[in-house]
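Just below is one structure, and these are the notes that go with it.
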Amino acid sequence: MMEEQPYLLLQRYRRDRRNLLEFLFSSSLIKELRTPPGHVTSISDLDFDNLSADYILHSIKSGGVVDISEATKKYFDETSYPVMIQSQLGDSYFLLSDPDKSGSPPRRAPPPIDVNRTADNALYSSRQPDPLIVENIGASMDNFSPKYNATPCTPLSQVEDVNIPPLGLPCLNTGLSDDDLQESAYEILLSSLVFSGIEVHTVEDRRKEKSSKFLSGLKTKREKINQQSQGRGRHSELVDTIRIQMQISEAMDACIRQRLTQLAARRIWEPIDIPKISLGLLNSVFKSDFLNEKSYIHWKSRQASILEELLYFSANLEAYERETIKSSLSKIRNSKEWDITMSPSERAEVLLPITQVELKLSSLSGKFSIQGETYCWTAGYHLNIRLYEKLLFGVFDVLDEGQFIEESNELLMLNKLTWCILGITQKMHNALYGWVLFQQYVGTNEAMLLEHALHELQKVVSGEHADQKEEQYMDSLACSRQYNGSEIKLGLVQAVFFSISSWCDDKLQDYHLHFSQEPTNFSRVMNLMSAVGILTSGDSGDIKLIRLDDSNEHAIRKLKTYVERSIRAAYRRVASTIDLESKVLGTHPLALLANELRLIAQREFSVFFPVLRHWCPESGMIAAMRLHQIYGERLKPFLKGVSSLSEDVRSVLPAAHMLDDDLTQLYISACEENRQHRHLNQDLDHYPIGEVAKPIILDWVIAQNSRILEWTGRVFDLEEWEPLSSQQRMATSIVEVFRIIEETVDQFFGLNLSMDITHLQALLSIIFHSLDAYLLKLFNQLVDKNHLYPLAPPLSRYEETVIPIMKKKVLEHKLLEDGVCNILNELTVSKLCVRLNTLKYIQKQIGVLEDGIRKSWALIRPSVAKRWASGILQQILSTKFVTLLVLDHICGLIDDTLRDLVAFSICRASLECYVWVLLNGGPSRAFSDSDITLMEDDLNMLKLMEKAFHVL
């Protein structure tokens with residue numbers, strides 16, 4: 001009873017709904033009833049099951065005017081979508097499926113929904129979700145049948161993209177939709193399996209298998225394995241996987257399997273075709289096999305549409321035969337007549353004329369004498385190909401459309417069983433499978449799919465598994481395409497190639513847009529176009545596919561067009577926003593434009609040119625010249641107005657210079673690749689940036705010279721000659737001077753402009769003059785060493801002797817000027833040490849500065865980086881300074897790197913003083929015996945100083 005409860009509730013709901021509508025129509029609440037002309041003569045003729053109760057209640061509230069056609073349309077619209085909550089926003093609804101079990105959401109946006117339907121075709125419109133899927137699997141009324149949550153039916157993983165050109169197959173006259181084709185394709189696959197002798201288990205078989213599970217627990221492991229392999233084979237598992245992939249309800253699957261198994265057991269058809277399958281199912285499937293009447297009506301209408309598509313519109317029928325088929329199909333679609341009034345024998349009589357017509361057509365021989373060929377191969381190819389596409393789409397995972405299922409290869413093997421029904425050959429399979437893979441790649445952007453598509457299409461191009469008859473057969477499968485306002489006729493394989501090439505052509509017109517994010521796909525698309533051919537116009541204006549190689553002039557011309565158009569399209573996108581970005585960022589538009597064009601040039605050089613050069617070595621040259629021309633047209637007026645190094649000039653000229661370098665690199669690389677055109681220049685006509693920049697750079701350097709000299713004089717005047725710290729014992733002023741110099745050097749090389757040796761000499765000149773001015777001021781604060789020597793003394797330590805004539809001279813003092821005295825008073829030992837440390841700091845920083853300038857210049861002009869006017873240090877530090885200081889006191893005040901030099905200078909000065917005492921006076925110099933001891937003491941002191949120097 002618990003299994004039948006959903007069915008009883010459904011019947012009660014329908015009964016209560018019918019009673020409500022009968023009450024409303026019989027009451028006086030409805031003021032006016034509008035019915036379709038000729039369809040309804042009384043209220044009893046109305047089909048209350050197909051009327052929207054909500055619409056009728058709303059009409060009564062609005063004035064009592066009820067339109068039967070509108071009520072029918074509303075009913076089918078309501079059943080096509082989830083139940084909505086009556087909220088003001090209208091964005092809340094109930095889900096028919098469990099979201100936790102539905103898997104991850106699809107990665108693509110859903111296609112637009114076409115809701116334009118009429119009441120006449122609403123009964124068999126395949127856009128409605130199949131109610132069998134919504135119903136519980138208890139529809140089989142089998143206690144052992146598994147139960148599933150309801151799931152909505154959507155087309156199987158087929159990604160529709162408006163940019164994919166269609167194959168151009170003839171249109172379906174009966175309006176069969178994707179859902180109809182998908183369900184029919186599954187039925188054909190089941191039929192091919194069953195009639196090939198492959199066992200597919202029905203619901204009854206599953207019940208028996210499930211009932212025996214208890215007994216299986218008492219058997220050995222080997223017996224269990226044998227029973228499982230015998231009870232359910234691999235084919236049944238694959239069919240279940242296909243059913244899930246194609247989203248077929250289990251209830252419908254069980255019904256169709258059972259009926260097909262019964263038909264195959266009778267062996268009444270040989271061979272089978274699509275009309276026979278539909279006729280057999282119509283004759284054996286009844287309304288009672290469905291729990292939902294609407295599902296049955298939908299299924300029956302689909303079978304009728306299949307018969308109408310393949311038989312009624314056949315070109316080999318007489319007029320009376322078409323009328324017979326039309327009459328029979330009308331009776332089949334009439335639910336009251338077919339399902340209620342007619343007995344099984346009467347239904348067989350209705351199907352008999354259709355069967356006779358089908359037998360007549362199936363007896364016709366094939367046109368191309370291919371093994372297994374039937375009349376339906378060519379007469380219904382537009383339907384056959386669509387059905388086979390649906391089967392091929394089953395290899396993709398419904399939860400991840402860019403991936404294959406694990407059983408994809410086995411599924412493809414099963415699909416081969418349908419070839420004799422659908423008229424598929426090996427080459428057709430390769431072409432259609434490549435086409436399906438290509439469509440799935442476009443929808444998912446999964447590169448692996450494009451690789452597989454290319455592999456399949458290369459099989460077609462290689463000519464494997466094809467003979468002359470097969471080629472003629474495929475050429476007869478005509479497809480019609482509109483191209484440039486004219487209609488062209490193509491065979492099936494040519495149509496596949498044409499559609500793929502058209503898509504590639506559209507993307508390559510602006511490959512910078514479509515492949516910048518996924519650059520690896522660019523080479524794949526180029527290889528794909530190389531396989532299918534490139535669209536070109538002949539001399540007479542006809543459209544044709546030609547092989548893509550470097551010897552075909554038409555193909556090379558087409559590739560050059562791609563480069564031209566893609567570069568121009570990329571430029572237009574950049575130029576459209578550059579003015580707005582300039583206002584936001586406060587940067588000149590030409591600077592921003594140059595930076596954006598550099599990115600385009602770099603992508604062309606690193607991504608696109610390495611691929612295009614295999615077919616068109618000139619592509620890099622074309623791209624470089626086009627970008628060079630585009631930017632040059634806007635740069636030329638700007639250069640004419642440049643007169644000084646303003647902010648705009650500082651931003652535009654470096655950007656233009658770097659763009660010129662990148663374009664030159666691309667151009668030269670293309671020239672080296674294209675060795676056949678030696679007559680082409682090996683360089684572009686550079687922008688005249690160097691000519692414009694040279695004078696304004698020199699003017700800027702001159703202005704910096706005066707600024708640095710002024711700042712040097714200012715900081716020197718404020719100098720107090722105190723060390724910065726115990727670790728940094730140089731003057732504060734020299735640190736500030738070098739900071740200004742380094743900033744100037746950074747600004748100089750930061751201009752990023754074309755420079756020559758003249759600019760470098762100007763930079764070195766201002767550095768020299770700045771330091772020279774500082775040292776001149778430093779040395780002006782010193783005194784000449786002659787002012788430090790006393791006047792020549794009399795004979796040292798002379799005492800009176802017996803010679804009365806010679807007397808000791810009185811010591812005379814040398815008078816110094818006031819300025820010299822003031823300077824000497826300021827020259828304390830500590831300040832002299834700071835000055836010494838400052839000179840040493842200058843020596844060290846000049847080496848660091850020289851290395852930095854050399855490296856920066858090498859980046860700008862590598863060829864002249866070694867042409868150095870070295871010797872700056874020798875020119876600046878050529879002053880000899882001598883100091884007479886006490887060694888122990890001095891070494892604690894000076895920089896460690898300067899200690900040895902100072903100590904050596906002190907020793908040398910002391911020795912010169914000792915020699916001066918000994919020799920001053922010439923031959924008349926004389927000493928007493930007591931002077932010898934003092935002289936020896938002085939000499940020993942000098943020796944000690946020498947030893948101390950070596951220790952230091």
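The values are calculated or read from the model by the stated rules, or taken from the named source; none is laboratory data. In this text, all values refer to a predicted model and were calculated from it rather than measured experimentally. Note that we place each Cβ from the backbone using ideal geometry, even for glycine, and neighbour counts take in every protein chain shown. These area figures cover heavy atoms from the full protein model, side chains too; ligands, DNA and RNA do not enter into them. Shrake-Rupley method; radii C 1.70, N 1.55, O 1.52, S 1.80 Å.
A few points about this structure:
- Per-residue SASA remark: CYS479, around 0 Å² accessible (1.4 Å probe; ligands, DNA and RNA not included).
- Unsatisfied cross-links (Cα-Cα over 18 Å) in the set LYS777/LYS844; LYS507/LYS560; LYS287/LYS336; LYS416/LYS469: LYS777/LYS844; LYS416/LYS469
- The residues of segment 505-643 have, on average, 46 Å² of accessible surface per residue, using a 1.4 Å probe with all protein chains present.
- Computed from phi, the 3J(HN,Hα) profile of segment 184-199 under the Karplus parametrisation 6.51, -1.76, 1.60 (θ = phi - 60°) reads 5, 4, 5, 4, 5, 4, 4, 4, 5, 5, 5, 6, 8, x, 8, 7 Hz, with x in place of Gly and Pro.
- Across the accessible surface of segment 431-569, with the other protein chains kept in place and a 1.4 Å probe, carbon and sulfur atoms take up 43 percent.
- Peptides ranked, highest mean first, by Cβ atoms within 10 Å: ranges 494-500, 629-635: 494-500, 629-635
- Here the simple spin-label model places points 7 Å from the Cα toward Cβ, and for LEU698 and ILE30 these points are separated by 10.1 nm.
- Amide N of segment 376-391 lying under 18 Å from the label point, which is placed 7 angstrom from the Cα of GLN472 along Cα→Cβ: 376-379
- Phi to ³J(HN,Hα) by Karplus 6.51 cos²θ - 1.76 cosθ + 1.60 over segment 288-298, Hz, x for Gly, Pro: 5, 6, 10, 7, 10, 5, 5, 5, 5, 4, 5
- Peptides 255-265, 241-251, 684-694, 931-941 ranked from most to least packed, by the mean per-residue count of other Cβ atoms within 10 Å: 241-251, 255-265, 684-694, 931-941.
- Charge dipole (Cα centre; +1 on Lys/Arg Cβ, -1 on Asp/Glu Cβ; no other charges) of segment 568-612 amounts to roughly 100 debye.
- Protein accessible area in segment 612-662, 1.4 Å probe - carbon and sulfur %: 48
- Under Karplus coefficients 6.51, -1.76 and 1.60, residue-wise ³J(HN,Hα) of segment 424-430 in Hz, glycine/proline x: 9, 10, 4, 5, 4, 4, 4
- Here the contact order of segment 252-309, divided by its residue count and restricted to Cα pairs under 8 Å and six or more residues apart, works out to 39 percent.
- Of LYS427/LYS558; LYS326/LYS360; LYS74/LYS294, those spanning more than 25 Å from alpha-carbon to alpha-carbon: LYS427/LYS558
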